[in-house]
Every structure is written in C-alpha cells, then in structure tokens.
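One structure is given below, encoded as structure tokens.
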Ligand SMILES: Cc1cc2nc3c(=O)[nH]c(=O)nc-3n(C[C@H](O)[C@H](O)[C@H](O)COP(=O)(O)OP(=O)(O)OC[C@H]3O[C@@H](n4cnc5c(N)ncnc54)[C@H](O)[C@@H]3O)c2cc1C
C-alpha cells in the first residue's frame, strides 16, 4: 500500500487530493494536512473586500469532501519534513493544545502556497503596518471595513485618496489588485461618491497590463491590441491614475515611499491603501537522517521548492529555452517530493526584469494563478498515480505549454458589472514555437471586456465550488 501525503489544500493541493483520493484512495493511503478545516476560494475575496460578498460564501468544509473522496484529513500545520526517512511532522489542530504527529509517506506533495512577507516592506500590512490586504479572509474583511468607513466619510462630503497595487519591488498577484481597484471604482459609483475619491494604481509592473507575464498582445476585432493599451484605456475610462515602474520600499501613516525605474525616490500619499506584499515560500524545516538542516537541498533562499527546472541562468536564456521550465515539478534531490502551485520555485521571472541605477530590482514575480496551480496539482497527482500503478511517470506540462484564463472582475453586478477576460497561451512565451514578438499563439491569446465577463466570473465562482467539492461531474470542469 502506497502512502501519499499532501501539505496544503489550496487550488494546487486540493486538486491533487481529489484526483489521488478518487483514483487510489480505496486501496492506498492518501493524507491531506491543511492548517484550516475549510477550503478558501481566494478569488472571491475581491468581492468580500468591497462588501459585496459575505466571507462565509468563500469557504466550504473540507472533511465531507475528503470523506467521500477517500482522503484522510489531518487539520493542522506541517512543521518538519524528513526527506531521507520520508515522514512529515505536523501539529494537529486541537482544543488549544497542539499535538505533534508523525505521518509517513512514499510520495509527498508540497502545496503550501505563499507566505505573505509583509515584513520585507517596513510599514506594510494590516497587522504591523498601515496598509490593507485582500490575501486572506481576515485581511479582506478588515480591508472591507476600512474601505466602507472611507465611503461613509465621502458620503459626508470628505475627499479620500485610495491607493491599490503592489507593496514590494518583487511582488506578484497584480491581477487581484487590479480587480480590487476596478471593483472599488464601480462600488463608489453605486454609492454616488466616485467624484470624491482619487484612485491611484501603484505597481511594480513595467507597464499597466503586464501582470507579471510581460503583458500580452491579442487579436481583437481584426486588430492587434496590447494588454498595456487595453488596461491603460480602462484606467482612463475609470479615472484611475496609473503609477507603474515603482518598487515600494516603505510605508508610513500618510505615504507610500517608492523608488522608480530611473532610481528616483518619491512618495504617494494615501488615506486608504491595499498593497500586495512580497510572496515567499511557506517555512517548513527539512531535516536529514542525521538531524542536519537539509533545506538548502530542497528549497531556494526564498523558501520555494526547487524542482526539475534549470535555475540560475540569465533571463534571456531562461525565457528563450522552454526546457528551463519544470515539467513534472519533482525535486531533483529527493524524487519522493513534488511541489505544486505557488510552492514550486520558478526558474526566473516571465516579465523582463529591471534593476535601477541604485541596484534595486523592480521586477514583477511570475504569477501562479489558481488555474495554473490547479493544472500543476493535476499533473503532479497523475504522475504520483502513475508511480504507484506503473512505476513511471507519463504526464508533464511546462508553463511554456500551459494556457491560462483570467477573468478580472471590474464590478460584480449582473446588470452593469463588467470583467476583463484575458486568455493566454502559453503562460511563458515560447519564441521557438511562436516566433512573433510575444512568443504566444495569437489565435488563442485574447482579451475582451464587458458584462458577459461579469456573468462568467459569477458562474466560475459556482462551477469551481462545485468542482472543488468533488460533486457529480467534477472532472469535466477544467482547472
Ligand atoms: C484576492 C485574490 C484574488 C485572486 N484571484 C484570482 C483569480 O481570479 N484567478 C486566478 O486564477 N487566481 C487568482 N488568485 C490567485 C490564486 O488564488 C492563487 O494562485 C492560488 O490560491 C494558489 O494556489 P496554491 O494551492 O498554490 O496556494 P494556496 O491557495 O495559498 O493554498 C495553500 C494552502 O496551504 C495551506 N498551508 C500553508 N502552509 C501549511 C503548512 N505548513 N501546513 C499545512 N497547511 C499549510 C494554507 O493554509 C492553504 O490552505 C487570487 C489571489 C488572491 C489573493
């Protein structure tokens, strides 16, 4: 009997658990360790953050799903991995007392998502700093309350300045911040106070619409359109001031302090700010057979799991060679360890990096969105199934072979809401297969904006909840 352990029930780990449990669960031992007993549907936190969705609508209980899918569920926190002896130490959630348990494995999937590294930017974040976040349920609720307080002040006649974007020179997840600022715009219109708000987009992107993937070019109504022109037009129409090419270095009570591409230092004042922090890997101790710390063999300095990519090459080489990008997401050092979703270490940025004259790198990190995370979760799960049943792996998908679809909500109303629907193939440009400027398939890569997207975004919320709860036909709904 094989023992498979998954750490983290986000898009990546939970998808892997559904495939593994439904395929192997009755004959083999599949265990999920997750800090929370509930799945959090992160994309809908954008709506929580403007008060349009109750937080409980973004969650569902994992235990009934895992009971049906033949997955053992251990609610708790994994703290140590012993890769030589193949076991994980976890602190079980309990009534105030954490109890340590040992869980042995033959195959381990690390899918722990990001650690929100607010500490990398002094003054950033809702706990020790001055800014808000929508990256966790608690953060989104606090952000909502502060935002609605500002709305109330505007209703009394005050003017407020709201700044949204990235809070670190190397941050990612610009898509979520973009959705938040456009939802704020729509919500302020609804409240009748848009004219009292100054909205500012502050980001480390090379250009608006870069989103950490270098932007895209798509054929739209018979013309080639860049995401930069597309998003810049949205900002113009919505009256959002765009400040890009800025790496946030520090935040105080009144202002966000940044350095720009040219190495100039400046500040953006704010009344309310929601800025995405740097993401690092979730801290886990990797301990060898003799008790030594073997983390350096498993994770990079940022804490992301090193897998089968080619690391340490210059940007141009990495982006120019599809082989640089991992295919099976397996640790080269320990073949029993896989990483999925945000937990794996990308070999480099997708967007062109930039270093200022002062030596600061202002470079949007590669996004690993929910769809990409789910696909990797599936690939890894299918390979583990292969290893258990065939003894060899038959699946693989590099980011240079993977499509991504992003529906960025720009107001959730089904009457006058909108969404920017962006599809791209592949996520990482492949200039060998697509020898155009973009390195992407111009027929598949597409951008559209309109009310239909708002309907689609709503439907996705329901469809994915259906899939992720392992309900009838879940395999038919793509990741
Ligand atoms: C506000 C917001 C909006 C977004 N919108 C979109 C969108 O519209 N479309 C899209 O594609 N993507 C979107 N994303 C990105 C998407 O949510 C992420 O790409 C995705 O969640 C990454 O999945 P993951 O499984 O790698 O990590 P996560 O979803 O972060 O899951 C990791 C899990 O591991 C658990 N964990 C961590 N450490 C441990 C430990 N030591 N022991 C046990 N468990 C642990 C965590 O509790 C968590 O449950 C959005 C993100 C945010 C924040």
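The values are calculated or read from the model by the stated rules, or taken from the named source; none is laboratory data. A quick note: this is a predicted structure, and the numbers were derived from the prediction, not measured. With ideal geometry, Cβ positions are generated from the backbone for all residues, glycine too; neighbour counts draw on all protein chains shown.
Below are the figures for this structure:
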quantity	calculated
Residue count, region 24-55 (criterion: within 9 Å of the ligand (Cβ to nearest atom), part of a loop (DSSP other than H, G, I, E, B) and out of contact with any helix residue (DSSP H, G or I) (no Cβ under 6 Å at 6 or more places or on another chain))	2
Pairs where the first residue, in region 31-58, is farther than 24 Å from residue 108 by Cα and the second is part of a strand (DSSP E or B) and near the ligand (Cβ under 7 Å from one of its atoms), C-beta under 8 Å, 6+ apart	58/40
Answer from 79, 103 - the residue that is closer than 29 Å to residue 292 by Cα, near the ligand (Cβ under 9 Å from one of its atoms), modelled with pLDDT of 95 or more and part of a strand (DSSP E or B)	79
Positions within region 332-351 being within 26 Å of residue 202 (Cβ to Cβ) and either modelled with pLDDT under 95 or in a helix (DSSP H, G or I) (or both), in sequence order	342
Which numbered condition residue 283 fails, given (1) over 27 Å from residue 359 (Cα atoms); (2) surrounded by 14 or more Cβ atoms within 10 Å (Cβ to Cβ); (3) in contact with a strand residue (DSSP E or B) (Cβ under 7 Å, 6 or more places away or on another chain)	(2)
Output for region 82-92, where each listed residue is within 17 Å of residue 288 (Cα to Cα) and either near the ligand (Cβ under 10 Å from one of its atoms) or in a strand (DSSP E or B) (or both)	82, 87, 88, 89, 90
Pick from region 423-438, criterion buried (at least 22 other Cβ atoms within 10 Å of the Cβ) and in contact (Cβ under 8 Å) with a residue 60 or more places away in the chain, ranking: nearest to the chain's Cα centre (by Cα)	427
Set 391, 411, 417: member being assigned to a loop (DSSP other than H, G, I, E, B) and modelled with pLDDT of 95 or more	391
Members of region 407-422 found to be closer than 29 Å to residue 315 by Cα and surrounded by fewer than 21 Cβ atoms within 10 Å (Cβ to Cβ), listed by number	421
Residues being assigned to a loop (DSSP other than H, G, I, E, B) and in contact with a strand residue (DSSP E or B) (Cβ under 8 Å, 6 or more places away or on another chain) - total across region 157-173	8
Those residues of region 108-138 which are within 20 Å of residue 343 (Cβ to Cβ) and out of contact with any helix residue (DSSP H, G or I) (no Cβ under 7 Å at 6 or more places or on another chain), in sequence order	108, 115, 116, 117, 118, 119, 120, 135, 136
Only one of 342, 337, 287 that is closer than 30 Å to residue 184 by Cβ, within 16 Å of the ligand (Cβ to nearest atom) and touching a residue at least 12 places away in the same chain (Cβ under 8 Å)	342
Strands (runs of 3 or more DSSP E) contained entirely in region 174-279, each with at least 1 residues that are within 25 Å of the chain's Cα centre (by Cα)	197-202, 217-220, 223-226, 240-243, 246-251, 255-260, 272-276
Region 377-406, residues that are more than 8 Å from the ligand (Cβ to nearest atom), surrounded by 24 or more Cβ atoms within 10 Å (Cβ to Cβ) and under 16 Å from the mean Cα position of the chain (by Cα)	399
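To keep it simple, each residue is scored yes or no on (1) at pLDDT below 95; (2) part of a loop (DSSP other than H, G, I, E, B); (3) surrounded by fewer than 23 Cβ atoms within 10 Å (Cβ to Cβ); (4) within 13 Å of the ligand (Cβ to nearest atom).
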position	(1), (2), (3), (4)
94	yes, yes, yes, no
124	no, yes, no, no
130	no, yes, yes, no
134	no, yes, no, yes
